[in-house]
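Here the structure comes first, spelled out in structure tokens, and everything after it is commentary.
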Amino acid sequence: MEVPARPSTTPPRTVGVLGAGTMGTGIAQLAAVSGARTLLYDPVAEALERGLGAAEAALDRQVEKGRMGRSEADAARGRIEPLADLGQLAPAELVIEAAPERLELKLELLGSVAATVEPACVLATNTSSLSVTEIAAGVPGPERVVGMHFFNPAPVMRLVEVVAGAASGERALRTARALGEAMGKHVVAAADVPGFLVNRCNRPYSLESLKLAEERIAEAIRIAEAAFTTRAQSAATAAVRDITAIANEVSVRIEEHVSSVESRERLEDVLARLHQADERLRASDERTRQALRHLRAVPDESEQEG
Ligand SMILES: NC(=O)c1ccc[n+]([C@@H]2O[C@H](COP(=O)([O-])OP(=O)(O)OC[C@H]3O[C@@H](n4cnc5c(N)ncnc54)[C@H](O)[C@@H]3O)[C@@H](O)[C@H]2O)c1
């Protein structure tokens, strides 16, 4: 099903967010700023508290930078309600799942949510690497399940991919698009293929950056500098900042999506080379490590703009 180009529906006024980690906190902040009552659930009490603190601090920074008035920020903070119990999600019109990237966990969680909310409630997953179709197939009412793929940091990055699984219905897709637009995002429709649109396009950049670093053709800092200048920064800086995370992501893709022996062997070869690159970078000279520390202190270009 194609994601409708224009929303013909009003955005949901009560939004549930599952998981108060890196992504859930940013998504809850966006939902609250858009004016929605925002129900933030996390089974780990400390995570919930930390997430609320992070959202509050992020709103305060917006005020300090003159991007938001004090009363607007306070009102947004007031719209975020922490939930320790899934049963309290009942009034949600759309729920965004931002829990750990494990299929069984997401299926169990969304199954419980489906039993709590109204049948019309849209269930969106923020998964990066699992199949939306597969998630939907394990949830009662798969036509109401869609992907809403935000990028990190969610409040700053402008794009949201709305991903149509095989069973996603038009109403659910329209509602997700309407919420993304109410959050001030540019929404693109994406097919349910590994990497969706953006990560799929970034993949060759990431792999080439890793290869350059691995082969010592350029120091990691030079690759990142070049990437900043060409605006392909997300791929290359991710490569030098967190090579292990990329290796893990590739590994998830191998498990979740690759069925043919030939593709598996090719990807496993890539994975082995990523691990080697990681080992070599870990053992690299102090100068590169200092450069990486410096790089971490440099804000993303997108943050400066956003
Ligand atoms: N971090 C990124 O850059 C990024 C970007 C786009 C999408 N994603 C996707 O977003 C999702 C969340 O990633 P994250 O980086 O925010 O993870 P995270 O580890 O920062 O946060 C996950 C949160 O989920 C909570 N949690 C654990 N079990 C739960 C349950 N049963 N129900 C609800 N919450 C539960 C944890 O306590 C934690 O607070 C993943 O699917 C990931 O693939 C991540």
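Among the residues of the range 186-225, how many are of a type in the set (Gly, Ala, Ser), surrounded by fewer than 20 Cβ atoms within 10 Å (Cβ to Cβ) and either touching a residue at least 24 places away in the same chain (Cβ under 8 Å) or within 17 Å of Leu159 (Cβ to Cβ) (or both)? Steps first, please.
Initially, the range 186-225 is screened for residues of a type in the set (Gly, Ala, Ser), giving 189-191, 195, 206, 209, 213, 218, 220, 224.
Now narrow it down to the ones that are surrounded by fewer than 20 Cβ atoms within 10 Å (Cβ to Cβ): 189, 191, 195, 218.
Among the residues that remain, those that are also either touching a residue at least 24 places away in the same chain (Cβ under 8 Å) or within 17 Å of Leu159 (Cβ to Cβ) (or both) are: 189, 191, 195.
So the answer is 3.
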Given (1) within 14 Å of the ligand (Cβ to nearest atom); (2) among the β-branched types (Val, Ile, Thr); (3) over 26 Å from Leu48 (Cα atoms); (4) in a loop (DSSP other than H, G, I, E, B), number of the condition Val193 does not satisfy: (1)
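Being of a type outside the set (A, V, I, L, M, F, W, C) and either in contact with a Gly (Cβ under 9 Å, 6 or more places away or on another chain) or surrounded by 15 or more Cβ atoms within 10 Å (Cβ to Cβ) (or both) is the filter here; which residues of the range 44-66 pass it?
Selection gives Arg50, Gly51, Glu56, Asp60, Gln62.
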Some residue of the range 82-99 being within 13 Å of the ligand (Cβ to nearest atom), without any contact (Cβ under 8 Å) to a residue 24 or more places away in the chain and assigned to a helix (DSSP H, G or I): no
Matching residues, the range 103-121, being touching a helix residue (DSSP H, G or I) at 6+ places or on another chain (Cβ under 9 Å) and within 11 Å of the ligand (Cβ to nearest atom): Leu103, Lys106, Leu107, Leu109, Leu110, Ser112, Val113
Selection within the range 122-144 - within 14 Å of the ligand (Cβ to nearest atom) and part of a strand (DSSP E or B): Leu123, Ala124, Thr125
Qualifying residue in the range 138-155 (condition: out of contact with any Gly (no Cβ under 9 Å at 6 or more places or on another chain), surrounded by fewer than 16 Cβ atoms within 10 Å (Cβ to Cβ) and of a type in the set (S, T, N, Q)): no
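Throughout, read-outs are computed from the coordinates displayed, never taken from laboratory work. Because the structure is a prediction, the values reported are computed rather than measured. Ideal geometry is used to build each Cβ from the backbone, glycine not excepted, and the neighbour counts take in all protein chains shown.
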